[in-house]
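*Asks:* Could you have a look at this structure, given as structure tokens, before my questions?
The values are calculated or read from the model by the stated rules, or taken from the named source; none is laboratory data. Please read these numbers as outputs of a predicted model, since none were measured by experiment. Note that we place each Cβ from the backbone using ideal geometry, even for glycine, and neighbour counts take in every protein chain shown. The accessibility values were calculated without ligands, DNA or RNA, using every heavy atom of the protein model including side chains. Shrake-Rupley method; radii C 1.70, N 1.55, O 1.52, S 1.80 Å.
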Amino acid sequence: MTPSRRLAARAVGGVVAAVTAGGVGKNAVEEDVRRSCPSAIAARLVELGVDGDFVSDGIDRLKEDYGVEEEDFTTMKTEVYSVYLVGMAKNPLAKTAELKELSNLREALSLDNMQVGQAHADAAKTFYRD
């Protein structure tokens, strides 16, 4: 299933829900589509692999497919990185391969040092809260 089909399916589902609920309008449909973008980022990573040749381009296309602003999209990518990091930290036996995968994930998501730092801080809060 391609992202554009998923986008269309979510939009249709949102329209049906809006009409059923008394018609919330176009903004509600657009917001529903935007909320599904982080899941699409994760799915694209699984589909292409974090070390795939065109994974960064595939991730970047999602921004346009889901109509997300650059700042919001960067935040979403940082959150995806943070969730992966928490999952990795919960495994008591981190392996060298996982560290390489984390580095590949950073490259695939095109994150800079500040964004990675924020993701690590967010992951630490989540890890110690759980």
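*Asks:* Kindly indicate whether Ala40 is in a helix (DSSP H, G or I), modelled with pLDDT of 75 or more and not aromatic (Phe, Trp, Tyr).
*Replies:* Criteria met by Ala40.
*Asks:* Follow-up. Given the conditions (1) at pLDDT below 90; (2) touching a Pro at 6+ places or on another chain (Cβ under 9 Å); (3) of a type in the set (Asp, Glu), which single one is not true for Asp32?
*Replies:* Answer for Asp32: the failing condition is (2).
*Asks:* Something else about it: Which residue out of Gly67, Gly58 is modelled with pLDDT of 70 or more, at positive phi and either of a type outside the set (A, V, I, L, M, F, W, C) or open to solvent by less than 40 Å² (accessible area, probe 1.4 Å) (or both)?
*Replies:* Just a single option satisfies the conditions, and that option is Gly67.
*Asks:* Can you name the residue in the range 80-119 that is assigned to a loop (DSSP other than H, G, I, E, B) and touching a helix residue (DSSP H, G or I) at 6+ places or on another chain (Cβ under 8 Å) and is also surrounded by the most Cβ atoms within 10 Å (Cβ to Cβ) among such residues? It would help to see each step written out before you state the result.
*Replies:* Start the filter on the range 80-119 by keeping residues that are assigned to a loop (DSSP other than H, G, I, E, B), which leaves 90-95, 109-112.
With touching a helix residue (DSSP H, G or I) at 6+ places or on another chain (Cβ under 8 Å) added as a condition, the list becomes 90-91, 94, 109-111.
Values: Lys90: 9, Asn91: 9, Ala94: 11, Leu109: 24, Ser110: 14, Leu111: 19.
The selected residue is Leu109.
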